[in-house]
Each structure stands twice: as structure tokens, then as C-alpha cells.
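The values are calculated or read from the model by the stated rules, or taken from the named source; none is laboratory data. Quantities reported herein were computed from a predicted structural model and do not represent experimental measurements. Neighbour counts are summed over all protein chains in view; Cβ atoms, including those assigned to glycine, are modelled from backbone coordinates with ideal geometry.
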Amino acid sequence: MPTNPPSPMPTQAPSPYQIEIIVRTAENFHSREDISAFVAMAARHQVKVISVLVKQDEDGFISSGQVFYRSKIAPIAPGYMRLDVLQVMLEEAHARGIQVRAWMPQFHDQVAARQHPEWQMMALRDGQVRAFSGSGNEEYFVNPLNPDVQQYELGLIREVVENYAVDGIMLDWLRFDDFNMDMGESTRAAFKAKTGIDPLEIDLASENPARAAWNEFRTDGIGAYARAVRASLPKGMLLGVYILPPEFIECGQDAAKFNNQVDFISPMCYNRDWGFPLDWIWGSCLQTTRQKAGPAAVLPTLEIGTRTTLSASGTSVPNLGDEHFHQILTHLRYDYPQITRLSWFFHESWTEELLQRIEIISSW
């Protein structure tokens, strides 16, 4: 990992980064007034783009796959039958000159998995093939390579772009979870027909040619799906994707396979979540993404917070302080001068304090 200091600072102060924020719906919006107040707050702090969750990604009181708009395909999330979050967000944000992108997670979808058990992602675990259920909390994946799954998810995207004046679509969960999936019969048969290998016979625990071929097969499938998404969008519609850092090869998500289908790629550079040092953000996460991005722009996603949070492993870790963001932005300014906009994620309810802090950080 590079540890070289950034280039010398120029004498002229740089322009502030444009601000994009990623907003969870259930944590922030329960009425039209909530949305109006939020957008007014965002406008006060120079937010240019709001990426709003219109299809639930996590499982809890609201199931992944439930939606926050008037859908004829997927069930509307409980408590939102009378509140079309996407429509109200568009009205409020566009009136203030703020763009709205529909954040649409794809294959992490409890609704689809329960309605169509045959669509569930199948995983090899302890020598048995079974429906994937997560490594900790209960999770629901559907098979990204299943044509019926793809048509269902594409139908939701088309429904949004045909009925709402969104400024773009942000894909998420465009991946598997590990090497050991999908092990369903149809996926295995397709891979065996191509390579002569049954994926159940592959040593998935170590790097080897058969595992590399298996991952190539899966990343090809994700790339083909991205092409289908692009084909389903109106001409000129912006398309982006949130990705895990490219070093997470086990997830079968290779941005090089779809970089010519998307306008920008947003790596989730959350070093605290995975226990990486700070310089991993600019020395690995952004560096490997830039190598994969091709013609697509790179839009880094950084995490903001005000208190200690839990990492993906459940370990308590402190949020990044001003001194950390000074280091991050110094390297971004001079190692990645082509980046002019930063995307900020916060899992809970956004506050004036958070947006004010982002506005200040963006000018460093």
C-alpha cells in the first residue's frame, strides 16, 4: 500500500468538493413535512445530490425489497401507503435545484426470495447446499444469475424511471456474498456446460485456476446484468453503482466488467468497517477502483458520523475525526485531482450538525 506523501499543496485554494448524500428512508422520513424540512436543511449546506433509498436494502421491521414509492410490482413498506417518499422528495428537491437519484439495491431482496423460493441464492456450507441465510443476522439473497430474478429487478427499475422524474439510478448489492454461491442447480449446470467443472468440486478456500474460472463466470454474469440495466433506461439517464472495494473479489463484483455501462462507480471506502488503516482509503480503495473504472467516473463514498459505532465484525470503533478527514482530503486533492464530488453516507437520521460538518470538510 502506498505511503508516499501527497504532492505539494498549490498556492491557490481549491474549489470545495460538490456534496452528495446517501439517505436511508425509514430512518429519516415519516411525513411530507419530514422530507420538506430535510431538503431545506440540505440546501442550506450546499448539497447538490440526494441519493434516496427507494427499495429497502436491510432486513428488520421493513423487509428488504419493500419499496417507498407507488409500486405495482413490489409491496409498499409498512407505514408508507400514504406517503410516496420518492415523489415528495423529487418535488421538494427539484424546487431547490437539488438532483435526486433513486438508490435501488438489487439482489438482497427478502420480498423476492419469499415470494419465489426457487429464486433464493443457494450456498455451499458445511458440505451442504442450502439457501443462503447470512453469516450473522438473517439475510435474504436472490440469485443474480437467474433470468427471472433479473427481469423482476429490471421491472422495478423501469417502473421508477417511467413514472418518476429521477435524475439517475444508483444500483447497490450488485453482487454475491462469497465464493460459495450461487450453487443452485441451474447455475451449476451452466458453469459445468461451459467449463466441464461442477462448482461443488472446487476448492473455494484457496486460490486456484478452477476458483478463478468460477469467479470469472460470476463476474461475467453481473456485467451482463449491468448491460441489461443500461438498456432498460431512457437515453441520457445517469447510472451509478455502489461497490465494495475491488479487493473483495469473493463477492463476484468486478467493476471492469461493467465500467462502460455506468456513468460513475462509487466505492464504499469505509476503512473502519473492515479494520483497515486510514491510508487504505486513498492507497487501496480508490487506487484499485480507479484501475477498474475505465471510462466511468470515480465517486468516492465516505462515511460520516458523530459517535462511536460498530464495525461489520461487531467491534466498537470511533468515528473519523477532523484530523483524519484532513489527511483523506489532502490525498484526494492531489492524488486524485479528477474527483470533484464526494458522496457521504450516514446510516441513521441526518442532522444539521452532520451536514454543517460535511460542508466545512468539503472546503479543505
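Remark: pairs (first residue in the range 331-353, in contact (Cβ under 8 Å) with a residue 60 or more places away in the chain and of a type in the set (Gly, Ala, Ser); second residue crowded, with 16+ Cβ neighbours inside 10 Å and assigned to a strand (DSSP E or B); Cβ separation under 7 Å; 6+ apart in sequence or on different chains) = Ser343/Glu20; Ser343/Ile22; Ser343/Ser266; Ser343/Thr301. Here Arg218 meets each of (1) under 18 Å from Asp57 (Cβ atoms); (2) in a helix (DSSP H, G or I) with one exception, condition (1). Looking at the range 61-77, is at least one residue in a loop (DSSP other than H, G, I, E, B), under 24 Å from the mean Cα position of the chain (by Cα), modelled with pLDDT under 95 and under 25 Å from Gly155 (Cα atoms)? Checked the range 61-77: at least one residue is in a loop (DSSP other than H, G, I, E, B), under 24 Å from the mean Cα position of the chain (by Cα), modelled with pLDDT under 95 and under 25 Å from Gly155 (Cα atoms). Can you work out which of the residues in the range 123-139 that are at pLDDT 90 or above and surrounded by fewer than 14 Cβ atoms within 10 Å (Cβ to Cβ) is farthest from Ile62 (Cα to Cα)? Here the answer is Gly127.
Of the candidates Ala210, Ala224, the single residue that is free of Cβ contacts under 8 Å to residues at least 40 places away in the same chain and over 27 Å from the mean Cα position of the chain (by Cα) is Ala210. Scanning the range 89-138 for residues being part of a strand (DSSP E or B) and either more than 18 Å from Phe176 (Cα to Cα) or more than 18 Å from the chain's Cα centre (by Cα) (or both) gives a total of 14. Only residues that are surrounded by fewer than 16 Cβ atoms within 10 Å (Cβ to Cβ), free of Cβ contacts under 8 Å to residues at least 24 places away in the same chain and either aliphatic (A, V, I, L, M) or in contact with a helix residue (DSSP H, G or I) (Cβ under 6 Å, 6 or more places away or on another chain) (or both): list them for the range 31-78, please. Once the filter is applied, which keeps residues that are surrounded by fewer than 16 Cβ atoms within 10 Å (Cβ to Cβ), free of Cβ contacts under 8 Å to residues at least 24 places away in the same chain and either aliphatic (A, V, I, L, M) or in contact with a helix residue (DSSP H, G or I) (Cβ under 6 Å, 6 or more places away or on another chain) (or both), the range 31-78 yields only Ala37. Taking the stated definitions as given, is Thr219 more than 19 Å from Gly127 (Cα to Cα), crowded, with 16+ Cβ neighbours inside 10 Å and of a type in the set (S, T, N, Q)? Answer is yes for this residue.
Got a sec? Which of Gln99, Gln115, Gln120, Gln87 is free of Cβ contacts under 8 Å to residues at least 12 places away in the same chain and either over 30 Å from Ser36 (Cα atoms) or surrounded by fewer than 21 Cβ atoms within 10 Å (Cβ to Cβ) (or both)?
Gln115
Just one of (1) touching a Phe, Trp or Tyr at 6+ places or on another chain (Cβ under 6 Å); (2) over 29 Å from Glu162 (Cα atoms); (3) small (Gly, Ala, Ser) fails for Ser206. It is (1).
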